[in-house]
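Every number here is computed from the coordinates shown, using simple stated rules; none is lab data. Since we're looking at a predicted model, the values are computed, not measured. A quick note on method: Cβ atoms are made from the backbone with ideal geometry, for glycine too, and the neighbour counts reach across all protein chains shown.
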Amino acid sequence: MCHHYKSAKHLPEHFVEEYHLRPDQRTLFDKLADELKDGGAWPLKSVPALRIDDAGELEAFGAEWGLLPRWWKPSDKSPKREKFQRGTFNARSETAATKPTFRDAFKRRRCLVPFVEFHERDHYFGVRRGDEFEPLAFAGLWESWQGAEADVLSVTFLTTEPNAEVRSVGHDRMPVLLATPADRRRWLVEGADGADDPLLQPFADGALSIRPK
């Protein structure tokens, strides 16, 4: 499971150009990203993400990392929402379409979670372009939960089988990475056709750079 990543600190130009993002939404994303110390994201922290609004335009929003479905209620097993969310910061791509916690968001509430590096087994992974890592996006899901005292926006992102680089450090899962404009737009607008969809497959072998933590 991926429990740590480094967010894109500023929304890159290619994201802005892909979706003709409004200046106010770009400013909002950058403000949300600035609230993360050194860009580091962890479960239950508020992270910046992108989704399609009711007008069909891309908007930035901040959400707790760890999905909280709208039907959740306190129980003996999970008396507090935070305990529930600690088990939902990743969603397996093989079961997200059918598992009650994720299936409604998988159908209707998809998002992008921009990142520059993700962390597995004391190593960071990303796509290097020269001296820097290129901002990409995780295939995310979002939910809105309404409680008596507060409303909570939350996100998770999908995981899949590891590629060669992640497997080389002994880990058996990796996030679903959306590297191209076509993949990102398809995920937001159409979604995926089940676990075998090419959109949800491991990132290409040899495409990720690795650095020790």
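Observations on the model:
- Here the relative contact order of the chain, from alpha carbon pairs under 8 Å that lie six or more residues apart, stands at 21 percent.
- For the chain, calculated [θ]222 nm from helices alone, where every DSSP H run of n ≥ 4 adds -39500 (n - 2.57): -5500 deg cm²/dmol
- ³J(HN,Hα) computed for each position of region 104-121 - Karplus, 6.51 cos²θ - 1.76 cosθ + 1.60, integer Hz, glycine/proline x: 5, 5, 4, 7, 10, 10, 9, 8, 10, 10, x, 8, 10, 8, 10, 10, 9, 6
- Span per principal axis, largest first, for the Cα atoms of region 5-212 (Å): 50, 41, 35
- For region 28-120, the alpha carbon positions stretch 38, 32, 25 Å along the principal axes, listed from largest to smallest.
- Dipole check for the chain: with +1 at the C-beta of Lys and Arg, -1 at the C-beta of Asp and Glu, and the Cα centre as origin, the magnitude is about 720 Debye.
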